[in-house]
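**Q** Starting off with a structure, shown below.
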Amino acid sequence: MAQAPATTTIRREFEERFAGSLAMHRRSRNVIPGGITHDGRHLKPFPPYVTRADGARKWDVDGHELLDYVVGHGALILGHNEPSVTAAVRAQLGNGTHYGAGHEGEVRWAEAIAGLIPSAERVKFTSSGTESTLLAVRLARAFTGRPTLLKFEGHFHGWNDYALKGEKPPFDDPTSPGIPAAVMGTVAVLPADDPAAVEARLAQGDVAAIIVEPSGGSWGTIPLGDGFLARLRALATAHGAVLIFDEVITGFRWSPGGAQAVVGVTPDLTTLAKIVAGGLPGGAVAGSAAVMKLLEFKDEPGWNATRKVRHPGTFNANPLSAAAGIACLARCAVPALQAGCDALAARLRAGMNATLARRGLPGYAWGESSAFHLTLGETCANRTDGDLRAPAGISAVALKKSGETPLMGQLHLGMMLAGVELFHGGGFLSAAHTEGDVDRTLGAFDEVLGRLEEEGAFETAATIEQAELERQRDESEQQEVERLAILRRLRGSLADLNDGGVEEFLRNKRAEVELENARYERWEKGGS
Ligand SMILES: Cc1ncc(COP(=O)(O)O)c(C=O)c1O
């Protein structure tokens with residue numbers, strides 16, 4: 001989430017006018033680490049605390065009405081409290097919330113998904129997107145008998161141990177606190193849009209699955225080039241790897257059949273969550289019968305004990321989520337829903353670019369479908385005063401960080417003061433948003449840009465960015481010198497031992513070297 005610098009009039013006004021949220025945040029921090037329950041809600045000086053929501057709006061503890069572009073982290077394509085969804089959930093509440101047994105709702109829910117998503121010959125329910133990607137990777141490994149997951153820089157697949165490597169810059173970082181090195185070693189991260197690199201990695205023969213956000217990383221923050229997904233399909237097939245489209249965001253949003261229906265590329269497995277459960281907790285893996293049959297029990301000797309993929313889960317296909325999901329997917333089946341949301345998002349993206357161009361300020365808005373992304377302080381090569389799908393000439397690292405600069409932090413607070421809540425510097429449109437809402441947002445955007453200009457925020461941001469670049473360069477040069485010194489010393493002692501030919505001693509020494517390396521890497525990251 002975007003972070004605002006310590007002292008600006010915008011920040012001071014936010015602290016004053018959102019005092020109830022500040023009080024709630026202080027109280028929350030005593031029992032909830034950092035006072036937030038999702039890392040993505042981290043916001044300086046503190047996030048808003050909400051009491052109720054309806055349509056495209058929510059209201060915070062201080063009584064502010066906020067036009068909502070978070071819409072349940074993208075889950076609420078129909079907006080808050082859509083009548084058909086709430087009616088279905090209410091009806092289900094009266095019939096019980098957990099049967100500990102199969103029910104017709106789960107069958108109807110799976111049928112609805114199979115009717116929309118091209119890859120969905122079979123469907124298995126989970127409780128979240130993170131569980132969906134975990135299950136899909138397990139299925140792929142079991143299906144191929146291979147260990148490695150191939151993923152792409154900046155692509156987000158939830159927070160399970162296999163999903164986090166390469167998700168945030170620096171993309172080539174081989175570690176993450178709390179995830180064993182052995183696990184990290186089973187995940188390979190490549191830049192997106194480089195089919196030759198994918199082919200070379202697949203040729204090593206150990207890749208079980210390629211997982212990709214078909215929108216490009218972080219719902220299109222880092223857009224993919226045309227044809228990349230089709231190339232991935234061909235390469236996965238040629239090398240016997242399973243292709244997984246992570247459609248947790250794009251599913252039912254990019255089109256009734258998700259991104260795969262738009263690009264005409266069918267993966268082996270699709271991971272779903274968010275919209276699939278109509279805004280309630282839930283997820284699913286939808287895939288080919290050939291792969292999904294690994295989840296079945298069989299009478300074959302040894303199958304259930306050693307070959308079946310295990311997948312329990314107390315809340316899988318929970319009746320409340322099933323009811324919400326069925327009602328929501330009925331609406332998602334009609335393409336006019338997505339077309340309406342897409343048109344609103346295009347209006348917003350174009351309007352933001354036109355506003356920036358009119359004010360002569362650096363920045364751009366981009367995206368596709370009903371998502372939008374925005375950054376300030378830099379300008380892409382193909383900047384326009386209209387809609388933009390993919391910014392040119394900006395690195396994946398810069399795009400991934402684009403919503404989290406200090407300048408974007410100020411914009412975020414300023415927009416909330418003006419009654420609009422963005423999501424990671426962008427957001428999602430829903431069926432509950434209107435053209436009037438978009439135009440009001442553009443008015444607020446113009447007003448906040450004016451305020452940022454008055455405060456000199458654009459000049460300050462440029463200075464801060466330059467200082468940060470210089471600091472990073474000095475730091476990495478110093479680290480490189482220290483790393484080389486350590487490696488030289490270790491290589492020297494290994495070479496001495498090799499000469500002596502003392503095999504066992506050498507093995508032990510190698511283990512020590514690995515430990516030393518791991519310790520060095522921890523030290524490098526600022527740990528102990
Ligand atoms: C593409 C993608 N995959 C997986 C996930 C994880 O889903 P969940 O938050 O339900 O675990 C997300 C969440 O935003 C996502 O955007």
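Where a number appears in this text, it was derived from the coordinates with a stated rule and is not lab data. Computed from a prediction, not measured in an experiment: that's the story for all the values here. Note that we place each Cβ from the backbone using ideal geometry, even for glycine, and neighbour counts take in every protein chain shown.
**Q** Evaluate Rg over Rh across segment 197-238, taking Cα atoms for both radii and Kirkwood's formula for Rh.
**A** 1.00
**Q** Right, another one. Peptides 273-279, 436-442: what's the order by average Cβ count within 10 Å, highest mean first?
**A** So the peptides 273-279, 436-442, ranked by packing, come out 273-279, 436-442.
**Q** I would also like to ask the following. For the chain, what is the mean residue ellipticity at 222 nm derived from helices alone (per DSSP H run of n ≥ 4: -39500 (n - 2.57); sum divided by total residues; nearest 500 deg cm²/dmol)?
**A** The helix contribution divided over the chain gives -14500 deg cm²/dmol.
**Q** Projected area of segment 16-62, taken from the Cα convex hull and averaged over every viewing direction, in nm²?
**A** Over every viewing direction, the Cα hull of segment 16-62 projects on average to 3.6 nm².
**Q** With a length cut of 24 Å (Cα positions projected on each helix's long axis) and a Kyte-Doolittle mean of at least -0.5, go through the chain and give me the DSSP H helices that pass.
**A** Those that pass (Cα extent of 24 Å or more, hydropathy at least -0.5) are 336-359.
**Q** Could you list Leu22, Leu356 so that the one with the fewest beta carbons within 10 Å of its beta carbon is first and the one with the most is last?
**A** Leu22, Leu356
**Q** Same structure again: Using +1 on the beta carbon of Lys and Arg, -1 on that of Asp and Glu, and nothing else charged, what's the dipole of segment 331-445 about the Cα centre, debye to 20?
**A** 160
**Q** Oh, and also: For the ranges 95-106, 343-354, 78-89, what's the packing order if you count other beta-carbon atoms within 10 Å of each residue, average per peptide, and put the highest first?
**A** The peptides rank, most packed first, as 343-354, 78-89, 95-106.
**Q** For segment 117-235, count all C-alpha to C-alpha pairs, find those more than 21 Å apart, and express that count as a whole percent of the total.
**A** In whole percent, the long-distance tail amounts to 36.
**Q** I've got another one for you. How would you order 246-257, 225-236 from highest to lowest mean count of nearby Cβ atoms within 10 Å?
**A** Those peptides, ordered most packed to least, come out 246-257, 225-236.
**Q** All other residues with a Cβ under 12 Å from the Cβ of Gly225 taken together, and with Lys, Arg as +1 and Asp, Glu as -1, what is their net charge?
**A** Neighbour charge sum, excluding Gly225 itself: -1.
**Q** Ratio of Rg to Rh for segment 324-439, alpha carbon only, Kirkwood?
**A** Using Cα coordinates only, the ratio equals 1.00.
**Q** Please figure out what share of the DSSP beta bridges in the chain is antiparallel and state it in percent, rounded to the nearest 5.
**A** Numbers: 27 of 45 bridges.
Restricted to the chain, the bridges split so that about 60 percent are antiparallel.
**Q** Counting each pair of different Cα atoms once, what's the Kirkwood radius of segment 40-128 in Å, rounded to one decimal?
**A** Answer for segment 40-128: a Kirkwood hydrodynamic radius of 16.2 Å.
**Q** Based only on Cα atoms, what Rg/Rh ratio does segment 309-375 have, Rh being taken as Kirkwood's radius?
**A** 1.27
**Q** While we're here: From zero up to wherever the largest Cα-Cα distance of segment 221-305 sits, split into 10 Å bins and tell me the percent of pairs in each.
**A** 16, 39, 30, 12, 2
**Q** Ok, one more. Given the alpha-carbon gyration tensor of segment 149-201, what are the semi-axes of its equivalent ellipsoid in whole angstrom, ordered largest first, with each equal to the square root of 5 times an eigenvalue?
**A** Those come to 19, 12, 9 Å.
**Q** Charges only on Cβ, +1 for Lys and Arg, -1 for Asp and Glu: so what's the dipole of the chain about the Cα centre, in debye to the nearest 20?
**A** Around 1220 debye, computed over the chain.
**Q** With +1 assigned to the C-beta of every Lys and Arg and -1 to the C-beta of every Asp and Glu, and no other charges, what is the dipole magnitude of segment 191-284 about the Cα centre in debye, to the nearest 20?
**A** With Lys and Arg at +1 and Asp and Glu at -1, about 220 debye.
**Q** Taking the simple approach of a point 7 Å from Cα along Cα-to-Cβ for both Ala234 and Leu515, what is their distance in nm?
**A** 5.1
**Q** Can I ask one more? Relative contact order for the chain: what is it in percent, counting Cα pairs under 8 Å that are at least 6 residues apart?
**A** For the chain, the relative contact order is 19 percent.
**Q** Apply the Debye scattering formula to the chain, with a single equal point scatterer on each alpha-carbon and no solvent, then give log10 I(q)/I(0) at q = 0.08, 0.11 Å⁻¹.
**A** -0.57, -1.05
**Q** Out of residues 5 or more away from Arg389 or on other chains, whose amide H comes under 5 Å of its own, with H placed 1.01 Å from N in the peptide plane?
**A** Those qualifying (amide H under 5 Å, at least 5 residues apart or on another chain) are Gly367.
**Q** Is there a pair in Lys124/Lys308; Lys124/Lys151; Lys58/Lys274 whose C-alpha atoms are over 21 Å apart, and which pairs would that be?
**A** Beyond 21 Å between Cα atoms: Lys124/Lys151.
**Q** Hey, what did segment 126-178 get for relative contact order, percent, Cα under 8 Å, at least 6 apart?
**A** 29
**Q** Counting only Cα, what are the radius of gyration and maximum Cα-Cα distance Dmax of segment 20-173, in Å?
**A** Computed over the Cα atoms of segment 20-173, radius of gyration and Dmax are 19.7, 56 Å.
**Q** What list do you get for Ser28, Ser395 if you sort them by fewest beta carbons within 10 Å?
**A** Ordered by Cβ neighbours within 10 Å, fewest first: Ser395, Ser28.
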